[in-house]
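Below: one structure, written as structure tokens.
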Amino acid sequence: MFTAQGQAVGKGYAIAKAVVMSAAALEVPHYRIAAEDVDSESQRLLSAMASTRDELRAMVDQLPVDAPRELAPILTVHSLLLDDPMLTQQTCAIIAERHYNAEWALTSQGQMLVEQFSQMEDEYLRERGADVRQVIERVLRVLAGKPALLPGFSAAQEEPLIVVARDISPADMLRLRGGHFAGFLTDLGGPTSHTAIVARSLSVPAVVGLGSFRSLIRDGDFLIVDGFSGAVIVNPSELVLAEYRERQEAYRRERAELEALLDAPAVTLDGINVRLEANIELPEEAELALKAGADGIGLFRSEFLFMGRTDLPSEQEQYEAYSRVVKAMKGKVVTIRTLDIGADKTLDGDATVATNPALGLRAIRYCLDKPEMFATQLRALLRASQHGQIRILIPMISSMNEVHASRQAIESAARELEKSGTPFARNYLLGAMVEVPAIAIAIEPFVQELDFLSIGTNDLIQYVLAVDRGDAEVASLYDPMHPAVLRLIAHTINAADRAGKPVAICGEMAGDASVTRMLLGLGLKEFSMHPQQLLDVKKEVRLSHSNALRVKVASALNRAERIDLATLAA
Ligand code: PEP
Ligand code: MG
């Protein structure tokens with residue numbers, strides 16, 4: 001028995017036998033070719049690259065409907081890499097100049113590129129070296145004429161296995177999906193690697209960054225994967241095995257109990273009804289929200305329709321996207337946020353660099369600066385309003401002028417539709433994100449003017465504490481529990497309550513079950529979060545006594561003290 005430690009990226013426990021995935025890059029033949037074979041060797045390389053590219057493109061075209069939405073863009077990037085001269089021309093140059101065989105030339109060039117990526121400052125770009133490596137692995141497998149991923153695996157195998165690999169590319173992951181595996185372990189990769197993203201969306205325990213684990217494992221070794229701590233135990237003793245079987249069973253029971261809450265109402269022990277809504281980024285996620293039992297969509301981040309492309313989505317395209325969500329939600333309220341672009345979310349082809357993007361021409365400021373683009377979105381929203389109840393949510397509001405300008409823009413979009421005889425509805429509700437401290441501090445007139453509010457804690461925290469939400473160096477200062485943040489949230493909720501207007505939180509805090517009681521204590525009755533978090537939060541709501549929590553939280557806030565979450569536990 002021995003253990004290895006990596007980074008847990010997919011929750012749960014897996015207890016099963018290993019199946020080891022071949023790593024073509026580790027088994028590359030190295031030899032020199034004769035001068036007269038240079039052309040044919042280059043040709044052999046280019047045709048392997050072409051067939052790999054065709055294979056990847058075919059995968060994109062035939063993606064199953066339930067495939068994780070991250071897969072198509074990743075596979076496309078991989079197929080584009082195969083057209084990149086840094087890979088094609090440079091590798092052929094190595095074959096011509098050094099007379100290396102195709103595999104050797106490709107791995108040499110690949111190592112150089114991966115090395116360049118590894119020196120980049122940006123963590124995301126650093127991890128993209130993995131994309132180059134994964135594409136090269138694929139080409140090497142084609143060159144070797146053995147596309148089999150898992151030599152020790154037979155599809156007829158009943159019992160789920162744990163895949164052990166040096167790295168698993170998204171394309172490999174797609175192939176493996178059908179196989180019903182118990183877990184994934186890789187030597188490489190970090191928490192933001194695509195492997196991690198895809199593993200999470202498949203809901204299987206996974207651990208990445210295990211060093212040289214793969215070389216220590218043989219097909220059939222017995223493994224325990226702890227998808228919480230990142231520990232992997234190889235050939236465990238009976239005692240350890242019994243302990244993990246118990247943990248696995250307890251976790252399974254916990255999940256099953258949560259599933260049983262699907263149709264249960266989100267109501268506290270003292271009878272307060274709580275609305276649990278979903279945050280979505282793409283129209284197709286509405287189905288997920290409905291399946292998770294969401295009471296509505298609390299935040300549709302419409303900017304994702306505008307990103308990853310060089311043109312703007314047309315009115316018709318937007319109308320179809322918004323209508324799809326409204327129809328999918330079958331009469332439940334759908335909150336669509338107007339374009340929140342700027343800061344960390346930029347449009348492709350927009351080269352503007354603001355002095356301080358988080359404080360610059362962002363969100364509503366950007367939209368009011370580009371009236372035609374804003375009008376297109378508003379017309380699409382009004383047209384989609386025919387199919388159900390839409391709440392139009394304006395991001396980054398900091399002044400009443402912006403509220404008035406937004407309302408005028410909506411009314412003028414309505415007049416345009418009227419004039420052209422295009423069917424639409426005027427039943428929309430208008431609300432603002434409360435994420436700039438100024439409006440949280442002086443919230444009363446906004447409550448009067450608007451139909452609803454939604455507190456964006458992600459930005460509110462960054463602006464209150466002067467801590468960039470995306471900067472790892474100050475991440476420890478990004479403190480959702482800071483009394484100043486909580487006072488602003490409480491102030492906003494109280495003002496909305498007094499005016500009888502709905503108020504939600506749609507920032508990450510709303511989906512964090514460890515702070516659900518605290519938010520109930522602040523008086524929150526509307527939470528919007530990722531659909532996967534809904535049942536965990538519902539469980540907390542159902543175990544909470546809202547009035548008792550309100551008393552405890554209010555007394556700490558009056559003294560501007562930090563709230564100790566342990567004191568709010570049942
Ligand atoms: C927020 O700021 O809390 C929010 C929900 O919006 P985003 O994360 O898209 O900025
Ligand atoms: Mg925000």
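The values are calculated or read from the model by the stated rules, or taken from the named source; none is laboratory data. Keep in mind it's a predicted model, so treat the numbers as computed, not measured. Cβ atoms come from the backbone with ideal geometry, glycine included; neighbour counts cover every protein chain shown. Just the protein is used for accessible areas: all its heavy atoms, side chains included, with ligands, DNA and RNA removed. Shrake-Rupley method; radii C 1.70, N 1.55, O 1.52, S 1.80 Å.
Which one of D497, D468, D451 is open to solvent by 50 Å² or more (accessible area, probe 1.4 Å), at pLDDT below 95 and over 24 Å from Q533 (Cβ atoms)? After applying the criteria, what remains is D468. Taking the listed residues E540, E435, the one that is farther than 24 Å from E259 by Cβ, touching a helix residue (DSSP H, G or I) at 6+ places or on another chain (Cβ under 7 Å) and not polar (S, T, N, Q) is E435, with no other qualifying. Of all residues in the range 503-542, those satisfying the criterion of being more than 19 Å from L557 (Cα to Cα), open to solvent by 50 Å² or more (accessible area, probe 1.4 Å) and in contact (Cβ under 8 Å) with a residue 60 or more places away in the chain are H530, Q532, D536, K539, R542.
Scanning the range 435-448 for residues that are within 17 Å of H404 (Cβ to Cβ) and surrounded by fewer than 17 Cβ atoms within 10 Å (Cβ to Cβ) turns up A438, A442, E444, P445, Q448. What residue, of G271, G296, is free of Cβ contacts under 8 Å to residues at least 60 places away in the same chain and either open to solvent by 20 Å² or more (accessible area, probe 1.4 Å) or more than 28 Å from R550 (Cβ to Cβ) (or both)? From the options G271, G296, the qualifying one is G271.
Within 20 Å of N279 (Cβ to Cβ), more than 16 Å from ligand 1 (Cβ to nearest atom) and charged (D, E, K, R) - does that describe any residue in the range 513-532? Yes, that holds for at least one residue. Count of the range 99-116 residues, restricted to those that are modelled with pLDDT of 90 or more, surrounded by fewer than 21 Cβ atoms within 10 Å (Cβ to Cβ) and part of a helix (DSSP H, G or I), is 0. Cβ separations smaller than 6 Å between residues 6+ apart or across chains give the following pairs from the range 89-109 residues that are closer than 16 Å to A34 by Cβ to residues that are open to solvent by 50 Å² or more (accessible area, probe 1.4 Å) and outside any loop (DSSP other than H, G, I, E, B): H99/R32; A102/R44.
Under the condition of being assigned to a helix (DSSP H, G or I) and at pLDDT 95 or above, which residue from the range 471-485 is nearest to ligand 1 (Cβ to nearest atom)? Taking the candidates together, the pick is V485. Looking only at residues of the range 310-341 that are among the aliphatic types (A, V, I, L, M) and part of a helix (DSSP H, G or I), we find that the one that is farthest from I394 (Cα to Cα) is A328.
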